[in-house]
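Read through the structure below, which is laid out as structure tokens, and then see the notes.
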Amino acid sequence: MSAASNRSKADKDPAEWLPSDGSYHCTYAATWVGTKLRWDLAVDENERQALLGLAEDCPTTTVVYEPAA
């Protein structure tokens with residue numbers, strides 16, 4: 001990710017920002033969900049709906065995470 005892309009993303013969740021490269025959306029969503037699960041972080045309804053929509057478009061993507069100790 002470029003510095004400019006990272007700045008445009010800031011602290012936005014997938015309901016507000018996705019990588020411009022659509023081929024990376026599934027990987028990005030899986031990484032996002034894995035991080036949320038690892039750290040037992042909450043999601044708001046807009047974020048949840050965005051992630052569910054992405055999941056429908058990514059049927060072969062698997063979320064992998066290890067719970068934080």
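Quick notes
- Remark: segment 32-48, residue by residue, has Karplus-estimated 3J(HN,Hα) of 4, 5, x, 5, 4, 5, 4, 9, 6, 8, 6, 10, 8, 5, 4, 5, 4 Hz, where x stands for each Gly or Pro and the curve is 6.51 cos²θ - 1.76 cosθ + 1.60 at θ = phi - 60°.
- Built from the Cα atoms of the chain, the convex hull projects on average onto 5.0 nm², one quarter of its surface area.
- Accessible area per residue, Å², the chain with all protein chains present, probe 1.4 Å: 73 Å²
- In order along segment 14-25, phi translates into HN-Hα couplings of x, 6, 10, 7, 9, x, 5, 7, x, 5, 9, 4 Hz, rounded to whole numbers, per the Karplus curve 6.51 cos²θ - 1.76 cosθ + 1.60 with θ = phi - 60° and x for Gly and Pro.
The values are calculated or read from the model by the stated rules, or taken from the named source; none is laboratory data. Everything quoted here is computed from the prediction, not taken from an experiment. These accessible areas exclude ligands, DNA and RNA; they are computed on the full protein's heavy atoms, side chains included. Shrake-Rupley method; radii C 1.70, N 1.55, O 1.52, S 1.80 Å.
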